[in-house]
Structures are given as structure tokens and as C-alpha cells.
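Have a look at the structure below before the remarks.
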Amino acid sequence: MQDAIGQSEEFLEFQERVSRAAKVNRPIIIQGERGTGKELAAHRLHFLSSRWQGPFMSLNCAALTPTLIDAELFGYERGAFTGADRQRPGRFEAATGGTLFLDEIALIPMEVQEKILGVVEYGNFVRVGGTKSIETDVRIIAAANTNLLELAEQGKFKHDLLDRFSFDVLFAPPLRERKDDIMLLANQFAATMTQELGRTDIPEFTQDAEDALLCHTWPGNIRELKNTIERAVYRSDSSLVSEIIFNPFKHPYSTSMDSGADETVPQKIEQPEPEEKNTQQRSTINAAPPALLTLSLKEAVKDLEIKMISAALNNAKHNRKKAAEELGLTYGQLRGLTRKYKNALGE
């Protein structure tokens with residue numbers, strides 16, 4: 001299991017909360033979007049706890065049917081159902097003395113939630129098809145990417161079980177809030193992919209590629225970043241990575257009839273403007289400041305961006321989040337621009 005990597009304030013604060021929660025032998029909920037490293041956090045909770053020498057067992061509840069979740073958690077006796085030709089212990093038995101990580105707990109059926117509640121309250125359960133009560137000592141760590149409190153209020157999750165699980169709720173920060181970690185993680189994933197490809201060069205990203213990575217919102221979080229970086233490195237013919245492809249499903253030969261293809265945007269046919277408008281437009285251009293007319297369009301845009309960014313940073317007392325809001329940009333977009341113009345901005 002790889003270690004969580006990061007240096008941003010959001011990441012370090014989350015790791016500190018995980019370390020604090022690890023010392024208390026209580027159930028914990030880890031809330032977070034897909035790909036934010038909830039299982040890594042669960043491992044950290046286990047190995048920093050007094051149970052670190054015990055087993056760490058996990059179960060992804062999204063990958064199983066309701067019947068299978070019951071059997072996987074509590075085990076079953078021989079003959080309990082068709083195909084049960086032998087007795088089999090469940091995850092609660094296997095995790096005794098250690099930690100049981102339940103991923104996607106929102107998908108656990110209500111009847112199974114009732115049985116889990118019994119384990120949490122009384123420390124025992126009965127195998128599927130059995131009658132003997134089995135004792136267990138397990139710390140439960142649960143994870144979800146949905147709002148469990150809302151589900152409980154809708155009657156889709158047991159309030160009593162949520163109360164037992166939520167000694168504390170740890171919120172894994174999404175990657176879009178961890179801007180300082182994006183390139184750190186990107187370089188790590190790139191180096192690993194280079195090694196896997198049998199190459200000895202050290203991959204580097206062009207400024208445009210880095211800006212693209214910093215400006216992306218990363219709905220798939222770290223998992224999406226890993227795939228994006230590995231794809232970029234493997235497609236690159238040199239150690240300098242310049243092409244970043246966020247959507248590998250974009251069909252290069254697509255038509256409007258292809259499934260999932262981008263729709264063709266109808267082009268607007270420009271009508272010639274009346275002579276009066278053209279005259280007014282020429283007058284507006286001629287009225288531009290003489291100094292501006294000596295610059296190319298690209299240089300003028302650059303000059304304007306530098307001036308607006310500098311003014312916004314001064315107004316916000318160099319608080320980049322506030323400056324980004326003032327400019328109508330995301331934090332990542334502003335960060336990319338300040339890196340682009342760092343010499344002109346004196347950074």
C-alpha cells in the first residue's frame with residue numbers, strides 16, 4: 001500500500017486529524033469524493049493505532065450484492081445456501097483484534113445495517129445459516145462519498161448505526177483544494193511510470209503542461225491525476241512532457257452520430273455590419289491609447305493581465321484566494337498566471 005503524499009495545508013491538516021483519531025479506539029467515518037485516498041487514510045488510522053499488529057481487513061460494499069455483503073461480513077455455515085459446501089468465516093471474524101474498513105457504507109442494505117449495529121453494540125454476531133453466537137473485537141472504519149446524514153434523514157440509512165459510527169467524521173480534501181500538491185504528485189507518478197517503461201530519463205513538464213494541470217478541477221481527484229500523468233508520460237517521445245490529455249475518450253474521427261462524441265457546434269454566419277457600425281468600430285480603435293497601439297495584441301493582453309493581477313494582489317494584500325475571486329478566476333488559474341509572469345510581478 002503506497003503512502004499518502006502531500007505538502008499543502010489542507011493535506012497536512014487532514015493527516016494531523018487522522019493521526020489524532022488513530023489513538024482512540026472508536027469507529028470513524030471518512031467522508032470524501034471518489035479518488036481522494038480514503039482507503040489510504042484508513043490504513044493510516046490502523047497502523048498508528050494500538051491495533052497495528054492486528055489484521056486490517058477491507059470490504060468494498062459497492063462491489064457486492066446485498067446477499068453477498070451479508071455473507072462476506074458475517075461468514076456462513078455449510079449448507080446455508082446453494083453452493084455453500086463448507087463453513088466460511090466472514091470479515092468480522094478475520095479482523096478480530098484489528099480493524100475492519102467498510103468502503104461505500106451507504107450501499108449496505110438496511111437489514112445488514114441492523115446486524116452490523118448488533119456487532120457494534122454487543123460485540124457478537126451469528127454466521128449466515130448458523131445459530132451459534134460468535135464474539136469479535138473489531139474497530140470499524142467506514143467510508144462514504146455521499147452525505148450519510150441526509151440519507152439517514154431520508155430513511156435510507158439507520159440513524160442508530162450512524163450515531164455509533166460517527167465518533168468523529170474526517171473529511172478527505174479533494175485535489176482541487178490541494179493545489180500545492182498537484183505537481184508534487186504529478187512528478188511522483190511520472191517518475192514511477194518512467195521506471196515502469198524501463199526508461200532512465202527524468203520526466204519534466206513544460207510550462208503549458210504544468211499550467212493545464214494546475215487549472216484543471218480534477219473531478220476524479222488523485223486517481224484521475226495518476227491516470228492523466230501516466231498517460232502523458234507513456235505517450236511522450238522524450239523526457240519533456242508537453243501534451244496533457246484529460247479525456248482519453250475523445251474520438252479523433254467522431255461525428256455527431258457517434259455515441260458520446262462531442263456535438264458539433266453550429267457556426268454562426270457573420271453578416272456584414274452596416275457602414276455606420278464599421279465607422280464607429282474604426283473610431284474606437286483609433287481612440288485607443290497611443291502606447292497600446294504600439295504593441296501587438298498578444299503583448300497588449302500580457303500587459304493588461306500583469307497589471308490586473310498586480311492590482312488584485314495588492315488589493316487582497318497578496319491573499320491569492322481573495323485576489324482570484326476579485327479577478328473571477330479559480331485559485332489554480334491565478335497560480336498558473338503568477339508563475340507565468342513571476343518575473344514581471346516580482347515573485
Per the filter on the stretch 307-319, residues buried (at least 16 other Cβ atoms within 10 Å of the Cβ) and not small (Gly, Ala, Ser) are 309, 313
Scanning the stretch 141-154 for residues that are of a type outside the set (Ser, Thr, Tyr) and outside any helix (DSSP H, G or I), the one surrounded by the fewest Cβ atoms within 10 Å (Cβ to Cβ) turns out to be 154
Does residue 126 fit the bill of being modelled with pLDDT under 90 and in contact with a Phe, Trp or Tyr (Cβ under 9 Å, 6 or more places away or on another chain)? yes
Given the conditions (1) part of a helix (DSSP H, G or I); (2) in contact (Cβ under 8 Å) with a residue 12 or more places away in the chain, every one holds for residue 12 apart from (2)
Subset of the stretch 57-82, residues among the hydrophobic types (A, V, I, L, M, F, W, C) and either out of contact with any strand residue (DSSP E or B) (no Cβ under 8 Å at 6 or more places or on another chain) or within 24 Å of residue 126 (Cβ to Cβ) (or both), comes to 57, 59, 61, 63, 64, 68, 69, 71, 73, 74, 80, 81
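For (1) closer than 25 Å to residue 55 by Cα; (2) in contact with a Ser or Thr (Cβ under 7 Å, 6 or more places away or on another chain), each residue gets a yes or a no:
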position: 128; (1), (2): yes, no
position: 153; (1), (2): no, no
position: 160; (1), (2): no, no
position: 167; (1), (2): yes, no
position: 181; (1), (2): no, yes
position: 188; (1), (2): no, no
Q) Restricting attention to the stretch 159-169, does a residue exist that is of a type in the set (Gly, Ala, Ser), in a helix (DSSP H, G or I) and surrounded by 16 or more Cβ atoms within 10 Å (Cβ to Cβ)? A) no
Listed by first then second residue, the pairs whose first member lies in the stretch 223-251 and is within 11 Å of residue 189 (Cα to Cα), whose partner is assigned to a loop (DSSP other than H, G, I, E, B) and among the aliphatic types (A, V, I, L, M), with beta carbons under 9 Å and at least 6 positions apart or on separate chains, are 228/244; 228/245; 229/244; 231/244; 231/245; 232/244; 232/245; 233/197
Every listed condition ((1) of a type outside the set (Phe, Trp, Tyr); (2) surrounded by 14 or more Cβ atoms within 10 Å (Cβ to Cβ); (3) closer than 22 Å to residue 144 by Cα) holds for residue 87 save (3)
Of the conditions (1) part of a loop (DSSP other than H, G, I, E, B); (2) within 27 Å of the chain's Cα centre (by Cα); (3) in contact (Cβ under 8 Å) with a residue 60 or more places away in the chain, the single one that residue 41 does not satisfy is (1)
Counting only residues in the stretch 15-38 that are free of Cβ contacts under 8 Å to residues at least 40 places away in the same chain and assigned to a helix (DSSP H, G or I), the one nearest to residue 138 (Cα to Cα) is identified as 22
Quick check: anything in the stretch 62-84 assigned by TED's automatic domain parsing to the domain that holds residue 145, surrounded by fewer than 19 Cβ atoms within 10 Å (Cβ to Cβ), under 24 Å from residue 226 (Cα atoms) and touching a residue at least 24 places away in the same chain (Cβ under 8 Å)?
yes
Contact list, first residue from the stretch 114-142 and farther than 20 Å from residue 167 by Cβ and without any contact (Cβ under 8 Å) to a residue 12 or more places away in the chain, second anywhere and assigned to a helix (DSSP H, G or I) and charged (D, E, K, R), beta-carbon distance below 8 Å, six or more apart or interchain, is none
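Results for (1) farther than 30 Å from residue 144 by Cα; (2) surrounded by fewer than 19 Cβ atoms within 10 Å (Cβ to Cβ); (3) at pLDDT below 95, shown as yes or no for each residue.
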{"site": "184", "(1), (2), (3)": "no, yes, no"}
{"site": "198", "(1), (2), (3)": "yes, yes, yes"}
{"site": "202", "(1), (2), (3)": "yes, yes, yes"}
{"site": "215", "(1), (2), (3)": "no, yes, yes"}
{"site": "229", "(1), (2), (3)": "no, no, no"}
{"site": "233", "(1), (2), (3)": "yes, no, no"}
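The values are calculated or read from the model by the stated rules, or taken from the named source; none is laboratory data. Keep in mind it's a predicted model, so treat the numbers as computed, not measured. Note: ideal-geometry Cβ built from the backbone for every residue, glycine included; neighbour counts use all protein chains shown.
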